[in-house]
Amino acid sequence: MLFRVDPAPFQYKVNQLEASLAQARQQVKQLTAGYEQARTRRPSFACKTSRCIGLLMSILVWIGSYTAYL
């Protein structure tokens, strides 16, 4: 054998990358859970938004009819 390469520095880097991969996988799980939670809340938000728009339209109609008397 002409030379021997010390595997320790390479193993250290492999261990670092495996730890980074595990952390990224955990973040994907957390982000997916957050996305699913937000997605299930969206219909409720849309309902509230449409109610707010309906209320706003009623107020604008009322203001329009009130200013017509002025």
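No value in this document is a laboratory result; all are computed from the given coordinates. Quick caveat, the model's predicted, so the values are computed rather than measured. Because the Cβ atoms are built from the backbone with ideal geometry, glycine has one as well, and the counts that use them run over all protein chains shown.
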>> Just to be sure I understand the model, the point goes 7 Å from the Cα along the line to the Cβ. What's the resulting Ala33 to Ser20 distance in nm?
In response: 2.5
>> Show me, for region 4-13, the HN-Hα J-couplings you get by feeding each phi into the Karplus relation (A = 6.51, B = -1.76, C = 1.60, θ = phi - 60°), rounded to Hz, glycine and proline as x.
In response: 10, 8, 6, x, 4, x, 6, 5, 4, 5
>> Using the Karplus curve 6.51 cos²θ - 1.76 cosθ + 1.60 with θ = phi - 60°, what ³J(HN,Hα) values do you get for each residue of region 25-32, in whole Hz, with x for Gly and Pro?
In response: 5, 5, 5, 4, 4, 5, 5, 5
>> Just to check I understand the Karplus step: with θ = phi - 60° and J = 6.51 cos²θ - 1.76 cosθ + 1.60, what whole-Hz values come out for region 56-62, glycine and proline as x?
In response: 4, 4, 4, 5, 5, 5, 4
